[in-house]
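The values are calculated or read from the model by the stated rules, or taken from the named source; none is laboratory data. In this text the structure is predicted, and so the values were computed from the model without any measurement. A quick note on method: Cβ atoms are made from the backbone with ideal geometry, for glycine too, and the neighbour counts reach across all protein chains shown. Accessible surface is based on the protein model in full, side chains and every heavy atom, while ligands, DNA and RNA are left aside. Shrake-Rupley method; radii C 1.70, N 1.55, O 1.52, S 1.80 Å.
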Amino acid sequence: MIRKTLSAWAALALFLASTTGCSEKKHIDRTPMPTIAAPPYACDYIPLRPIEVMTGVRDPLIRGDFDLRRSSTGMGGCAIYQRTGDKLKVLYVDLSPGGELAEVEEHLRGGAKPLPEILPGGKGYYFKDSSSNTNSVYSMLVRDETRIMIQLEIGAEGRDNAADVVALMKLIAPKLITDASAASSSPSPSVSAKG
């Protein structure tokens with residue numbers, strides 16, 4: 001009798017475990033991307049909250065900074081990594097001189113989608129890597145001689161990752177490019193701002 005009761009309980013526990021596992025769905029964070037850059041910041045001009053939303057990584061490892069004095073148009077980068085496991089890079093933002101509209105045009109002819117107008121005189125593209133299984137999206141915006149690139153290497157599951165990258169570009173590019181241009185035209189070097 002006891003053996004039958006234990007067997008019945010074991011069978012019930014196995015049944016419940018198997019049905020619970022099938023009915024559980026992974027939580028998808030559909031939080032809208034912020035539209036205003038606000039502290040805390042990851043690397044100078046990159047607010048932390050949008051990074052957490054678009055990558056799904058909370059409390060990430062952050063490496064890099066932006067030094068607008070390093071060239072006539074500023075330079076720098078911000079790399080975001082998972083804090084646990086293999087510490088994979090999930091996002092990279094790069095500011096560099098030498099951006100060319102011809103490069104943007106080439107990507108657009110190759111199938112990339114145009115960015116909406118973010119800055120007067122600026123032109124850019126974005127595309128989702130169709131061969132990626134990590135929701136990768138890449139974007140570049142060029143204005144004058146300054147280029148901002150966003151590389152979302154691992155995007156949060158269930159989100160519109162391309163829309164997230166475009167939203168981040170809208171959030172950071174105006175201030176970053178404007179401040180880089182102002183630093184290049186000022187007679188004395190300016191210090192990069194935290195926000």
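Observations on the model:
- Single condition LYS170 does not satisfy, out of (1) closer than 17 Å to TYR41 by Cβ; (2) modelled with pLDDT of 75 or more; (3) open to solvent by less than 40 Å² (accessible area, probe 1.4 Å): (3)
- Residues in the range 90-130 that are under 29 Å from ASP59 (Cβ atoms) and more than 20 Å from the chain's Cα centre (by Cα): 0 in all.
- Within the range 82-104, the set of residues being farther than 10 Å from VAL142 by Cβ and either surrounded by 14 or more Cβ atoms within 10 Å (Cβ to Cβ) or modelled with pLDDT of 95 or more (or both) comprises GLN82, LYS89, VAL90, LEU91, TYR92, VAL93, ASP94, LEU95, SER96, PRO97.
- Condition check for GLU52: within 14 Å of ARG143 (Cα to Cα) and not hydroxyl-bearing (Ser, Thr, Tyr): no
- Answer from ILE154, ILE150 - the residue that is surrounded by fewer than 23 Cβ atoms within 10 Å (Cβ to Cβ) and either touching a strand residue (DSSP E or B) at 6+ places or on another chain (Cβ under 7 Å) or at pLDDT 95 or above (or both): ILE154
- Odd one out for LYS25, checked against (1) at pLDDT 60 or above; (2) part of a loop (DSSP other than H, G, I, E, B): (1)
- The residues of the range 113-126 that are buried (at least 19 other Cβ atoms within 10 Å of the Cβ) and either of a type in the set (A, V, I, L, M, F, W, C) or free of Cβ contacts under 8 Å to residues at least 12 places away in the same chain (or both), listed by number, are LEU115, ILE118, LEU119.
- Only residues that are aliphatic (A, V, I, L, M) and in contact (Cβ under 8 Å) with a residue 40 or more places away in the chain were counted across the range 39-56, and they come to 4.
- Selection from the range 57-74 of residues that are in contact with a Phe, Trp or Tyr (Cβ under 9 Å, 6 or more places away or on another chain), at pLDDT below 65 and open to solvent by 50 Å² or more (accessible area, probe 1.4 Å): none
Each row is one residue, and each column tells you yes or no for (1) at pLDDT 95 or above; (2) open to solvent by 20 Å² or more (accessible area, probe 1.4 Å); (3) small (Gly, Ala, Ser); (4) within 17 Å of the chain's Cα centre (by Cα).
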position	(1), (2), (3), (4)
SER132	no, yes, yes, yes
SER139	yes, no, yes, yes
GLY158	no, yes, yes, yes
PRO189	no, yes, no, no
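- Residue within the range 34-56 that is surrounded by fewer than 18 Cβ atoms within 10 Å (Cβ to Cβ) and part of a strand (DSSP E or B) present: no
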